[in-house]
Each structure stands twice: as C-alpha cells, then as structure tokens.
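Everything on this sheet refers to the single structure shown next.
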Amino acid sequence: MKTLLITGGAGFIGSNFVHHWVKQHPEDRIINLDALTYAGNLENLNGIEPSENYRFVHGNICDADLVNTLFEDEKIDHVVHFAAESHVDRSITAPETFIKTNVHGTFPLLEAARKYWANDTRRRFLHVSTDEVYGSLEAGDPAFTETTAYAPNSPYSASKASSDHLVRAYFHTYDLPVITTNCSNNYGPYQFPEKLIPLVFIHALEGKPLPVYGDGKQIRDWLHVSDHCRGIDAVLQQGQPGETYNIGGCNEWANIDIVHQICTRLDGLHAGEKPKAELITYVTDRPGHDRRYAIDAGKIMHELGWKPEYTFETGIEQTLHWYLDNQGWWERVRDGEYRKFIEQQYKSLAG
Ligand code: NAD
Ligand code: TYD
C-alpha cells in the first residue's frame, strides 16, 4: 500500500485522477489537499466514499506548516501535484494568484519532499505541467518535444514554466526523484464551464452567443482527461526520475472547427430548431493569444507504452453526454450554489 498526496484533487483533472486512482489502485491511500478556490468543487468527488483510504484536507499548498504536517503524519510516498491556477484568461486579468500558487506553492511541497524523503529513491514527485510552457507554433512547425526550448507567453504559462524549472532544479541539486509531465489541452467530465468546450456546449444548449476569440483559427491539441490520467499513472509507475514526458492526443483542431462540431452534434439532438452555428459570435481576441500548440507524445508512447484510448469523436460524444446527464452539476457551478456548500461545510475553518 502506498500513500499519495494529491494536490488540487477537487479540480477538473485532479478529481478525474482521484476517481481513476481509487478504481485502479484501491489498496492505496489518497490524501487530497485542495484550497477549494472557484475551480475546486467537492461535488466532483461524489462517489469517493469516506474511507480509511481517502482523506480530504482543505488547505493551501503555500502553507508550509500544513504541508510538513501532512508529510510527517501521513508518511507520504508519492506526490502528484495538480494544484494550480489554470485559466489563461484569468491570468491576464489577475496574474498575482498565479505567481503565488503556481510558483510559491510548489516550493513548500518540494521542500517537504526533500526533508522527509531523505534521498529515498523509491519516492516520486510528479509535477503536472502544460504544453503552454513551450510557447506558440506556426502552421507547419514540428510539434513540441521534451527538448523544445521554453518560451511561455501568458502569465499562466510563465508561472507554470517557473515551477517546472524549480522542480527540475531539485533533481539536479538534491537528487529529489521528480518527474514532470507536459500535457496538451484536456476536455471531459467536470471541466469548469468557463473553458472552451463546456462553455460552447452550455451556451449552445441555452441559445446564447458562442464567443470565438479573434479569427477562431488558433489550434489546440485536445486530449480526453481520462487518457491524461492514464498517462500520469504510467509515468508515476514507470517514468524515470529527472525526466519529462509530453502527453498529447495527436489531435489538432482549430477552435472554430471545435465550435462547429459541437453545434452539429447538438443540432442532431434538437432537430427542427435553428442551427446552433447561427449563435457563433466573433469577439475581441485574447491578448498575446498563442496561435498553435501541438504535442509530440512519441517518448511516453515508445518508452512507457501509453497511448490515448479515446478518439476525438468518441471523447467529445462521451463528454457532451456527460454534460447533458449532469445538468445539475454545471448549473450549481454556474450559479455559485456549490460555493454556499463549501462555506457551510468549512465555516469552522473560516477566519
Ligand atoms: P483546475 O483549475 O480545474 O483545478 C485546480 C485545483 O487546484 C482546484 O481544485 C483548486 O481549488 C486547487 N487549488 C488552486 N490553488 C490552490 C492552492 N493554493 N492550494 C491548494 N489547492 C489549490 O485545473 P485543472 O484544469 O484540473 O489543471 C490541473 C493541473 O493540470 C494544473 O497544474 C494545470 O496547469 C495542468 N494542466 C491542465 C490542462 C488543462 O487542459 N486543463 C492541460 C495541461 C496541464
Ligand atoms: P481555453 O479552454 O481557455 O484553454 P487554453 O487557453 O488553456 O488553451 O481555450 C481554448 C482555446 O479556445 C483558446 O485558443 C482560446 C479559445 N477560446 C475562445 O475562442 N472562446 C472562448 O470563449 C474561450 C473560453 C476560449
């Protein structure tokens, strides 16, 4: 039995990873440390029964005392570090929390691992990062590999790049058994409804404008979140300390084509209504908007035998049905109902 400290396990990818790990490794213990920011939602963890093998800790990764106590009390074997401020648009309007959480917050985790693991080479510190640290590609450029130079362009990607460098330094300086994964854009269940795919889907359902930034021809490489979780699992179990692994779906789409795909699928479900594509509305572009991301996932595929299980067709179909079947979930997120629950649940911890 191993004990995993999962940070940010109430967010989109973290909660999918908790579900994945409990199913695949029921003998292991999970400590889920999450500050429950706007992006953290305990409803994402419904079905994870209170059990001896699972503990939720409401707290901040920047709190070094709390992090040290968790390492001390829970005898943490591995860290899977998801907790971050993750939304590019929010990083443009309010960058400070990105620096605090993504940069300052990674430091106490690394320090605690260094202190409590004392060069135990069986441990792993898996730092979950993004392809956005590599910057922007032009059409025809080769996809990002693990050796592509970092060139972050937004406060979000710059803060993730900073934390990646810190993680790397702990391997080279202290032999801490760290591994970093850089993944492309995820989609799937529990994604916060201000991100492109859930936002377009929900707006289209409700007959609201579908905002497309700039000319809509920016390209992203989309991966279903459950394939990302399987990739992290493979890296945690078989990856080499000090290495980085790119994870991606070989699945490049222009934003406008994604929006059209969603519209067409919804038109199929709502025959006779006005075509959803009539709702598409071009809006002012995001400042510094990266044009194209594409991941070369050859290393994780060849070295660790990972490959995506979902095609984009099966993945988007599964995701749209999840949002249709879980209307209550996104309505509660949107109207802030879930925040009232958090306030009630944690009033004992308030100031
Ligand atoms: P998210 O915003 O949905 O979730 C982040 C979680 O971290 C939330 O539960 C939040 O409450 C928690 N958190 C935030 N600040 C915290 C703090 N100071 N202390 C403790 N908890 C805190 O993000 P996500 O989309 O699930 O992304 C998870 C990780 O994966 C991030 O590190 C992100 O950079 C990386 N990533 C995301 C994508 C993507 O497409 N979403 C792609 C590649 C990499
Ligand atoms: P997003 O889901 O915010 O992810 P990221 O910025 O991390 O790639 O956006 C995906 C792409 O969709 C990105 O190119 C910005 C674009 N976009 C829109 O065109 N309209 C929108 O309303 C949103 C949220 C994003």
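Listed values, structure above:
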read-out	value
Unique residue being more than 15 Å from ligand 1 (Cβ to nearest atom) and either of a type in the set (Phe, Trp, Tyr) or more than 19 Å from ILE232 (Cβ to Cβ) (or both) when the list is GLU85, GLU74	GLU74
Residues that are away from ligand 2 (no atom under 14 Å from the Cβ) and of a type in the set (Lys, Arg), drawn from region 77-103	LYS100
Matching residues, region 55-69, being in contact with a helix residue (DSSP H, G or I) (Cβ under 8 Å, 6 or more places away or on another chain) and surrounded by fewer than 22 Cβ atoms within 10 Å (Cβ to Cβ)	ARG55, PHE56, VAL57, HIS58, GLY59, ASN60, CYS62, ASP63, ALA64, ASN68
Counted residues, region 119-135 - those being among the β-branched types (Val, Ile, Thr), surrounded by 22 or more Cβ atoms within 10 Å (Cβ to Cβ) and either in contact with a Gly (Cβ under 9 Å, 6 or more places away or on another chain) or not in a strand (DSSP E or B) (or both)	2
Criterion violated by ILE48 - all others in (1) of a type outside the set (D, E, K, R); (2) buried (at least 21 other Cβ atoms within 10 Å of the Cβ); (3) in contact with a Ser or Thr (Cβ under 9 Å, 6 or more places away or on another chain) satisfied	(2)
Filter pass, GLU138 being within 16 Å of ligand 1 (Cβ to nearest atom), touching a residue at least 12 places away in the same chain (Cβ under 8 Å) and not in a strand (DSSP E or B)	no
Single unsatisfied condition, TYR170 versus (1) more than 15 Å from ligand 1 (Cβ to nearest atom); (2) assigned to a loop (DSSP other than H, G, I, E, B); (3) aromatic (Phe, Trp, Tyr)	(2)
Residue match in region 163-170 (condition: over 25 Å from ILE92 (Cβ atoms), touching a residue at least 12 places away in the same chain (Cβ under 8 Å), surrounded by fewer than 22 Cβ atoms within 10 Å (Cβ to Cβ) and touching a Gly at 6+ places or on another chain (Cβ under 9 Å))	yes
Residue check for THR93: more than 19 Å from CYS229 (Cα to Cα) and within 11 Å of ligand 1 (Cβ to nearest atom)	no
Subset tally (residues that are at negative phi and surrounded by fewer than 20 Cβ atoms within 10 Å (Cβ to Cβ)) for region 138-158	12
Condition broken by PRO152, with the remaining ones in (1) within 16 Å of ligand 2 (Cβ to nearest atom); (2) in contact (Cβ under 8 Å) with a residue 40 or more places away in the chain satisfied	(2)
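A quick yes/no check of all residues on (1) hydroxyl-bearing (Ser, Thr, Tyr); (2) within 16 Å of ligand 1 (Cβ to nearest atom):
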{"residue": "SER226", "(1), (2)": "yes, yes"}
{"residue": "CYS229", "(1), (2)": "no, yes"}
{"residue": "GLN240", "(1), (2)": "no, no"}
{"residue": "THR244", "(1), (2)": "yes, yes"}
{"residue": "GLY248", "(1), (2)": "no, yes"}
{"residue": "ASP267", "(1), (2)": "no, no"}
{"residue": "THR284", "(1), (2)": "yes, no"}
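Yes/no matrix, rows are residues, columns are (1) more than 16 Å from ligand 1 (Cβ to nearest atom); (2) over 19 Å from LYS195 (Cβ atoms):
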residue: GLU273; (1), (2): yes, yes
residue: GLU278; (1), (2): yes, yes
residue: ARG292; (1), (2): no, no
residue: ASP296; (1), (2): no, yes
residue: MET301; (1), (2): yes, yes
residue: TYR310; (1), (2): no, no
residue: TRP330; (1), (2): no, no
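Just so you know, all these numbers are worked out from the coordinates, no wet-lab data involved. Worth saying up front: this structure is predicted, and the values here are computed from it rather than measured. Positions of Cβ are backbone-derived with ideal geometry, glycine not excepted, and every protein chain shown enters the neighbour counts.
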